[in-house]
Amino acid sequence: MKIESVELSVLELPYVHFFETSFGREHERRFILVKVLAEGLTGWGECVAAEKPLYSEETTETAWHILKDFLVPVLFEQKITDPTEFHRAAAPFRGNPMAKAGLELALWDLAAKEKGISLRRLYGGTQDEIPTGVSVGIEDSLPDLVARVEGYLRDGYRRIKIKIKPGWDTAACDAVRQKFPDILLQVDANGAYSMADAETLQKLDAYNLLLIEQPFPPFDLWDHSRLQKLLKTPLCLDESVLGEVTARQALDMGSCRIINIKVGRVGGIVEARLIHDLCQERGVPVWCGGMLECGIGRAHNLHLASLPNFRLPPDLSASKRYYHEDLIEPEVELTDRGTVIVPTGPGIGVNPVDKRIKKATLRREVFRP
Ligand code: OSB
Ligand code: MG
């Protein structure tokens, strides 16, 4: 197979409802789509770096720079078509996992399409239908939060995650638990706390949560380990786990009992599968996180989440939970069983809609060997 071109586009899509986390409120999402053309086949990837460096250091602009000036040239210079080979060739460049994942994903899509099989089959995924959850942002008031949770439960979501921050934690859990005593519920702090807040975090043990996600900043494996010893509720790490090495160290240290895997955060599928396999060997469950992807990134997540050790409901909601009009056909839908179906067609198994992509595109550049 010969790669003929790599096309990068920056897109912006408005959310159906604002999304607020401990680092602020967002009304739209800016991201990069990667399109690789080779011998009549098209591979699609999504780079989840956001406009601002809040979730991690990367931004849409840093990812554009890394893709354009380093990753795409390496692909062309070394005549790479295979995603695992790309992973190896990109490894000398430090960091920038979201930029790397965007291009690696497009190569995975291409590799599966060349074989005429779905990514799930290529990865050896065992699940074809996944009971799913939804991530609920911080709202203007507790009644607004409860109403939003109620709406998602009515839609059929099987697990609710609420975002927390200092001042919006125990009261938010209390409000949701009062109304819904039996639902699967978890919280995500996106690193907003420190060990000085241990007492507040211990109070969360009262709400029968599945897990507490990323209470402390990414670098702080040690304090997560100290906190875990004070809690009954399992800690789950998101931002802290940058690859297989940090995953192993976090587990060795007792910094968490569950890991959230995001393909963008760890730099691609090769690394995501290493973490998945490590956790499987150790009997540690993982689940698939999301970055509010459009349908292209979401389809990739679905195939990844079909691997056997993805045992807790993912943040993989229906297209209409995020966007008025997703960029793919068919859109991702929630079944009446509260599940999402892993597409079965070749590659990602969904069709990006050119007209919708064009409408959302701010900038586009095509690169050729
Ligand atoms: O921490 O999991 C997170 C969205 C953007 C950045 C970080 C996170 C999130 C979510 C949304 O929680 C998950 C989704 O895509 O539904
Ligand atoms: Mg998170």
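The values are calculated or read from the model by the stated rules, or taken from the named source; none is laboratory data. Quick caveat, the model's predicted, so the values are computed rather than measured. Positions of Cβ are backbone-derived with ideal geometry, glycine not excepted, and every protein chain shown enters the neighbour counts. We work out accessible area using only protein heavy atoms, side chains counted, and drop any ligands, DNA or RNA first. Shrake-Rupley method; radii C 1.70, N 1.55, O 1.52, S 1.80 Å.
Please work out the FRET efficiency for the pair Glu4 and Phe93, using the Cβ-Cβ distance as r and a Förster radius of 30 Å; give the result to the nearest 0.05.
0.80
Give me the accessible area per residue for the chain, probe 1.4 Å, as a whole number in Å².
40
Let me check against my output: what whole-number percent is the relative contact order of the chain, with C-alpha pairs under 8 Å and at least 6 apart?
Once divided by the residue count of the chain, the mean separation gives 22 percent.
Could you work out the local net charge near Ala101, counting Lys and Arg as +1, Asp and Glu as -1, over the other residues with Cβ closer than 13 Å to its Cβ?
-2
Using a probe of 1.4 angstrom, how much of the accessible area of segment 121-341 is carbon and sulfur, in percent?
Its accessible area is 50 percent carbon and sulfur atoms.
Measure up Lys2/Lys100; Lys52/Lys163; Lys68/Lys163; Lys161/Lys320; Lys320/Lys358; Lys113/Lys355 against 27 Å on the Cα-Cα distance and list the ones that go over.
From the list (Lys2/Lys100; Lys52/Lys163; Lys68/Lys163; Lys161/Lys320; Lys320/Lys358; Lys113/Lys355), the Cα-Cα distance tops 27 Å for Lys68/Lys163.
Mind pulling the angle between the C-alpha long axis of helix 244-253 and the longest principal axis of the chain? Nearest 10 degrees, somewhere in 0 to 90.
Tilt relative to the chain: about 20 degrees.
If you line up the long axis of helix 221-230 against the longest principal axis of the chain, both from Cα atoms, how many degrees apart are they, to the nearest 10?
30
Can you give the angle from 0 to 90° between the axis of helix 97-115 and the longest principal axis of the chain, with both taken from C-alpha atoms, to the nearest 10?
60
Any idea how far the Cα center of segment 208-269 sits from the one of segment 277-306, in Å?
When both Cα centres are located, 15 Å separates them.
Can you list the aspartates and glutamates whose alpha carbon is less than 18 Å from that of Lys115, not counting same-chain residues fewer than 8 positions off?
Of all the aspartates and glutamates, those that pass the test against Lys115 - Cα under 18 Å, at least 8 places apart if same chain - are Glu39, Asp82, Glu85, Glu104.
Roll a 1.4 Å probe over the protein heavy atoms and report the accessible area of His87 in Å², nearest 10.
50
What FRET efficiency would be calculated for the residue pair Met253, Lys203, taking the C-beta separation as r and a Förster radius of 35 Å, to the nearest 0.05?
0.90
What are the aspartates and glutamates whose alpha-carbon lies under 16 Å from the alpha-carbon of Lys229, with same-chain residues fewer than 8 places away excluded?
Once the sequence-local aspartates and glutamates are set aside, what remains near Lys229 is Asp197, Glu199, Asp205, Glu213, Asp220, Asp252.
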